[in-house]
Amino acid sequence: MPRSNRSRNPRGRGHDVEPEGSGFDRMLNGWRRTEHRRGREWSVQPISAASAQKEYVCPGCGLTIEPGVAHVVVWRADGVLGDAADLAARRHWHHHCWSIA
């Protein structure tokens with residue numbers, strides 16, 4: 001009988017274990033990641049052009065982020081006032097401005 005080259009795993013080869021932070025939680029978080037800069041921990045969440053519905057002012061350059069422009073939302077992940085205060089103090093940055101900040 002000839003050998004079958006098809007994977008017997010319904011999810012495909014090498015996908016037995018999902019990486020940490022994947023699946024439904026990762027979808028809800030929008031690929032949020034944590035970055036360390038200047039001794040602080042920051043939560044960075046990319047916003048796609050399709051999801052960018054409002055106008056914001058980038059704190060890095062002072063220019064407007066127009067609706068329909070992909071950008072990132074950044075907030076402290078290690079603030080002393082708690083998660084609610086950190087999330088309330090979040091700011092929208094151009095990708096380039098955040099990368100050079």
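Numbers at a glance
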| quantity | calculated |
| --- | --- |
| Among residues of region 32-70, those that are over 13 Å from the mean Cα position of the chain (by Cα), of a type in the set (A, V, I, L, M, F, W, C) and in a strand (DSSP E or B), counted | 2 |
| In region 71-101, residue surrounded by the most Cβ atoms within 10 Å (Cβ to Cβ) [restricted to those that are part of a loop (DSSP other than H, G, I, E, B) and touching a residue at least 12 places away in the same chain (Cβ under 8 Å)] | His94 |
| Pair list, Cβ under 6 Å, 6 or more apart: region 41-70 residue on the phi > 0 side of the Ramachandran plot and without any contact (Cβ under 8 Å) to a residue 24 or more places away in the chain, other residue of a type outside the set (D, E, K, R) and surrounded by 15 or more Cβ atoms within 10 Å (Cβ to Cβ) | Gly68/Ala52 |
| Boolean, Glu55 is acidic (Asp, Glu), modelled with pLDDT of 90 or more and in contact with a Pro (Cβ under 8 Å, 6 or more places away or on another chain) | yes |
| Residue in region 2-10 that is of a type in the set (S, T, N, Q), part of a loop (DSSP other than H, G, I, E, B) and at pLDDT 80 or above present | no |
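The values are calculated or read from the model by the stated rules, or taken from the named source; none is laboratory data. Keep in mind it's a predicted model, so treat the numbers as computed, not measured. Backbone-built Cβ (ideal geometry, glycine too); neighbour counts: all protein chains shown.
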